[in-house]
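Reading through the structure tokens given below for one structure.
The values are calculated or read from the model by the stated rules, or taken from the named source; none is laboratory data. Quick caveat: nothing in here was measured; it's all calculated off a predicted structure. Here the Cβ positions follow ideal geometry from the backbone for every residue, glycine too, while neighbour counts run over all protein chains shown.
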């Protein structure tokens with residue numbers, strides 16, 4: 001349903017307000033966790049910082065489809081070395097700090113970089129506070145998150161220095177399933193088979209992920225080091241997550257028509 | 001998006017397939033087919049022009065140009081075997097993913113059948129386009145004439161490993177090929193539970209067919225490799241001229257042709273000798289990715305190239321004399337008293353005369369994967385496809401080729417074997433006979 005028609009449907013209204021709250025809460029948690037991370041950096045505690053890095057990252061990975069709307073802010077927080085700049089001084093945010101921790105093995109300049117990251121996240125929180133969503137945005141965002149997992153995580157591209165891809169992979173999947181959970185009261189009546197297909201394929205992803213869970217795991221992430229996941233294992237994960245994305249892509253027309 | 005009754009939709013041109021159904025239990029059954037494919041439900045206004053893949057309709061109004069020609073999907077044998085070889089190939093090998101049930105696999109084969117029937121008729125796999133939904137058909141071939149598209153599917157030995165209750169249906173001859181001479185197989189290009197061979201005179205149409213089927217298969221089957229062929233290297237009909245491979249030689253001069261029914265029955269079609277009735281009228285497909293070291297070959301002197309092959313490069317005539325289609329005389333001596341066609345010449349070692357009368361039907365394509373990033377040399381060669389009554393034919397030939405002088409210039413880097421089920425009648429689907 002184009003335009004504001006969905007606003008006449010209480011189930012969709014509830015879903016959208018639930019999503020709005022979810023995004024705000026995760027953005028707030030992102031800030032809290034990043035501040036904790038920054039404290040370890042300021043204290044010069046490299047090992048603790050490494051353990052706290054993925055714990056902060058996952059919050060961003062849950063809200064990424066929303067956060068990426070503000071392109072330059074997203075680049076400042078989550079940009080990679082090559083995207084879109086190649087000047088070291090302009091490479092900021094999580095992945096620059098990741099590089100310092102795992103590759104440079106130096107905290108030189110990390111504290112300032114981290115406080116800049118928090119400032120950007122606070123700006124994000126302000127923007128998120130006034131953001132408006134509709135069911136189609138939610139559905140498209142859910143598919144985007146799975147696409148994120150299917151491309152940047154499977155390849156190991158995103159967490160290239162730390163190999164902490166698995167917890168953020170899980171964050172992508174969890175957040176997209178959160179959208180589905182919010183929409184289920186509506187979707188169940190509209191197209192129950194799509195819901196069950198999504199749930200089934202999510203279960204397939206989760207079941208593959210359990211092979212890689214570990215306690216306390218690599219870098220205390222609850223998972224093994226992603227570089228230890230074999231080519232066959234990555235291929236299986238990729239097939240499962242692509243199948244989930246394909247199923248999820250059917251939701252958009254259900255919530256908009 | 002689902003069809004009005006939520007039930008499976010099949011090709012409208014065919015009578016609806018009777019679905020004997022299965023035991024009621026949780027499965028992806030019904031979901032795959034009810035997820036919007038082939039739905040004839042709501043069509044957004046103004047988009048009806050998308051319904052029949054504009055520009056791709058079969059011949060109409062006396063237009064018999066090659067691009068408009070369709071190859072019948074239904075028949076005794078699957079199309080794409082003796083169909084006069086099209087110019088382009090897209091070949092996908094897929095594995096069935098973990099957690100797939102027998103019913104899921106059967107459903108996939110049913111949906112693939114309907115999709116293949118539609119695409120080979122120049123139609124889209126689905127006729128819905130809603131602005132808020134991903135298009136049912138990926139749309140890549142909209143506007144591209146059907147160009148004799150054929151889609152041929154096959155089952156690898158691993159499909160019969162017990163995951164789907166098919167162990168008793170495994171043909172005795174469908175066993176992984178043994179280690180063979182001159183191969184160093186890359187696991188990334190070897191094996192597969194299922195294969196899809198799409199051939200067309202238009203590369204985009206062939207690619208689109210495999211891509212659509214892969215997309216439909218997600219959650220049930222996942223690609224493990226794919227190859228594109230950019231030029232046919234064989235002739236499967238006397239009406240076709242012999243093409244050249246990347247060695248610059250005519251290839252397939254002595255291939256079995258569609259017109260040779262006796263040879264086809266003897267060497268290509270599976271008959272009553274098979275232990276599996278479902279495969280009768282089908283065939284076996286051997287795929288081999290053969291890298292050619294073209295840089296080395298192209299700097300070999302002409303006479304040596306011709307001696308390696310056993311034919312003249314330009315005319316294709318055997319070195320024993322005559323013209324291209326003259327039967328080679330392997331006994332004939334050259335001026336120096338030695339055989340005109342050398343002992344290690346490729347055509348001698350591959351010939352029926354040298355192999356107890358064995359023929360196979362070749363249907364290969366030239367391919368390239370670009371340039372070796374380390375060496376800067378071509379990663380390309382021949383994507384060999386051979387159809388035969390029994391894989392033992394290929395094993396015998398390839399074993400004979402152990403002494404092939406050509407081995408200095410080629411190397412087998414990928415391999416797969418598939419059982420290709422027979423053709424279908426309207427209303428049947430690929431899995432009917434297999435799962436019966």
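All conditions in (1) over 17 Å from the mean Cα position of the chain (by Cα); (2) within 30 Å of residue B:273 (Cα to Cα); (3) outside any loop (DSSP other than H, G, I, E, B) hold for residue B:116, with the sole exception of (1).
Can you confirm whether the range A:187-197 contains a residue that is closer than 19 Å to residue A:240 by Cα, touching a residue at least 40 places away in the same chain (Cβ under 8 Å), surrounded by 21 or more Cβ atoms within 10 Å (Cβ to Cβ) and away from chain B (no Cβ under 14 Å)?
no
Residues in the range B:89-103 that are part of a loop (DSSP other than H, G, I, E, B) and touching a residue at least 40 places away in the same chain (Cβ under 8 Å): B:97, B:100, B:101. Looking only at the range B:194-219, residues that are in contact (Cβ under 8 Å) with a residue 24 or more places away in the chain, within 14 Å of another protein chain (Cβ to nearest Cβ) and either surrounded by fewer than 24 Cβ atoms within 10 Å (Cβ to Cβ) or not in a loop (DSSP other than H, G, I, E, B) (or both) come to 8 in all.
Okay, residues lined up against (1) under 30 Å from residue A:208 (Cβ atoms); (2) modelled with pLDDT under 95:
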position	(1), (2)
B:213	yes, no
B:234	no, yes
B:240	no, yes
B:245	no, no
B:249	no, no
B:253	no, yes
B:263	no, no
B:272	no, no
B:287	yes, no
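The rows are residues; the columns are (1) at pLDDT below 95; (2) in contact with a helix residue (DSSP H, G or I) (Cβ under 9 Å, 6 or more places away or on another chain).
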{"residue": "B:354", "(1), (2)": "no, yes"}
{"residue": "B:359", "(1), (2)": "no, yes"}
{"residue": "B:380", "(1), (2)": "no, yes"}
{"residue": "B:392", "(1), (2)": "no, no"}
{"residue": "B:410", "(1), (2)": "no, yes"}
{"residue": "B:431", "(1), (2)": "yes, yes"}
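In the range A:217-227, the residue that is farthest from the other protein chains (Cβ to nearest Cβ) out of those that are closer than 29 Å to residue B:187 by Cα and either buried (at least 20 other Cβ atoms within 10 Å of the Cβ) or in contact with a helix residue (DSSP H, G or I) (Cβ under 8 Å, 6 or more places away or on another chain) (or both) is A:225. Exactly one residue out of A:201, A:234 is within 30 Å of residue A:103 (Cβ to Cβ), within 14 Å of chain B (Cβ to nearest Cβ) and assigned to a helix (DSSP H, G or I), and it is A:234. For residue B:340, the test of being more than 17 Å from residue B:404 (Cα to Cα) and in contact with a strand residue (DSSP E or B) (Cβ under 7 Å, 6 or more places away or on another chain) is failed. Just to be sure, is residue A:176 modelled with pLDDT of 95 or more and within 14 Å of another protein chain (Cβ to nearest Cβ)? When the stated conditions are applied, residue A:176 does not pass them.
Being closer than 30 Å to residue A:13 by Cβ and either in a helix (DSSP H, G or I) or within 14 Å of another protein chain (Cβ to nearest Cβ) (or both) is a property that residue A:151 lacks. Out of the residues in the range A:204-216 that are touching a residue at least 12 places away in the same chain (Cβ under 8 Å) and over 20 Å from residue A:145 (Cα atoms), state the one that is farthest from the other protein chains (Cβ to nearest Cβ). Per the criteria, the residue is A:212. Can you tell me which residues in the range B:120-168 are more than 14 Å from every other protein chain (Cβ to nearest Cβ), assigned to a loop (DSSP other than H, G, I, E, B) and without any contact (Cβ under 8 Å) to a residue 12 or more places away in the chain? Within the range B:120-168, B:161, B:162 qualify.
Could you tell me whether the range A:240-256 includes any residue that is closer than 25 Å to residue A:144 by Cβ, more than 8 Å from chain B (Cβ to nearest Cβ), assigned to a helix (DSSP H, G or I) and touching a strand residue (DSSP E or B) at 6+ places or on another chain (Cβ under 9 Å)? No, because not a single residue in the range A:240-256 is closer than 25 Å to residue A:144 by Cβ, more than 8 Å from chain B (Cβ to nearest Cβ), assigned to a helix (DSSP H, G or I) and touching a strand residue (DSSP E or B) at 6+ places or on another chain (Cβ under 9 Å).
Results for (1) in contact (Cβ under 8 Å) with a residue 12 or more places away in the chain; (2) outside any helix (DSSP H, G or I), shown as yes or no for each residue.
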{"position": "A:92", "(1), (2)": "yes, yes"}
{"position": "A:97", "(1), (2)": "yes, no"}
{"position": "A:116", "(1), (2)": "yes, no"}
{"position": "A:170", "(1), (2)": "yes, no"}
{"position": "A:174", "(1), (2)": "yes, no"}
{"position": "A:184", "(1), (2)": "no, no"}
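Count of the range B:220-230 residues, restricted to those that are more than 14 Å from chain A (Cβ to nearest Cβ) and either closer than 30 Å to residue A:249 by Cβ or at pLDDT below 95 (or both), is 2.
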